[in-house]
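These notes concern the structure reproduced below.
FYI, it's all coordinate maths here, none of it is from the lab. As the structure is a prediction and not an experimental result, all values here were calculated from the model. Quick reminder, even Gly has a Cβ in these numbers, built from the backbone with ideal geometry, and neighbours come from all protein chains shown.
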């Protein structure tokens, strides 16, 4: 019995799919999953609602697709932390990578934040199967550095939370930051966070 090979999508279909996902990222990052509608996504994409439904069965499928794509990007900066590197340098580099993500991917950061604020109904499996073991591994690395006296002692897990909150703030609360800041926000943030975490972690 022969099987018919799956037909590859055309360039137009690939382009429209990317167009829909980009539009949906704008809509979801602004309104969250519950507040977003297919009509809003269609308007943002410049396509009809039936055209959206040709590529995706429902709003949830678009949202899940975006979250699945985001998870790999979200984990990469932490994966890059090298257990064989200089401890303080590795953590400061991680802080910088997270700050760079806040600057370069603010929509993705807000998409992630909105999903977590709603209880992570669609991302919970990823948090348990991908994020948790990675964080456990890196926290063990950090704890080992502390046990060796290479870093000042603190709680590795709460250190991780602090890095996330201080860096992602610049994306998730971008409108507020833009009103309150008077200089080069990211240059100032980079200098401040480097000083903050160096002061916390530099062994005495």
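Between residue 11 and residue 69, the contour length at 0.36 nm per residue exceeds the Cα-Cα span by 18.9 nm.
Subtracting the Cα-Cα distance of residue 176 and residue 51 from 0.36 nm times their residue separation leaves 41.4 nm of extension gain. Computing Cα extents along the principal axes in Å for the structure here picks out one of (i) 43, 40, 33; (ii) 65, 56, 30; (iii) 55, 42, 32, namely (ii).
For the range 1-56, the relative contact order is 31 percent, taking Cα pairs closer than 8 Å that sit 6 or more residues apart in sequence and dividing their mean separation by the residue count. In this calculation the C-beta distance from residue 43 to residue 104 is compared with R0 = 35 Å, giving a FRET efficiency of 0.85.
The share of alpha-carbon pairs in the range 110-157 lying farther apart than 12 Å comes to 67%. Over the chain, what is the mean sequence separation of C-alpha contacts under 8 Å (at least six apart), divided by residue count, expressed as relative contact order in percent? Averaging sequence separation for qualifying contacts and normalising by length gives 23 percent for the chain. Considering the range 1-56 at the alpha-carbon level, its Rg and Dmax are found to be 14.1, 50 Å. Net length available on complete extension from residue 89 to residue 150 is 20.9 nm, with 0.36 nm assigned per residue and the Cα-Cα distance removed. Taking packing as the residue-averaged number of other Cβ atoms within 10 angstrom, the listed peptides 154-167, 48-61 run from highest to lowest as 154-167, 48-61. Its alpha carbons considered, the range 89-204 gives a radius of gyration followed by a Dmax of 15.4, 44 Å. So for the range 136-178, Kirkwood radius off the Cα pairs, Stokes-Einstein at 4 °C and 1.567 mPa s: how many µm² s⁻¹? So the translational diffusion coefficient is about 111 µm²/s. In the chain, helices alone account for a calculated mean residue ellipticity at 222 nm of -23500 deg cm²/dmol, with every DSSP H run of four or more residues adding -39,500 (n - 2.57).
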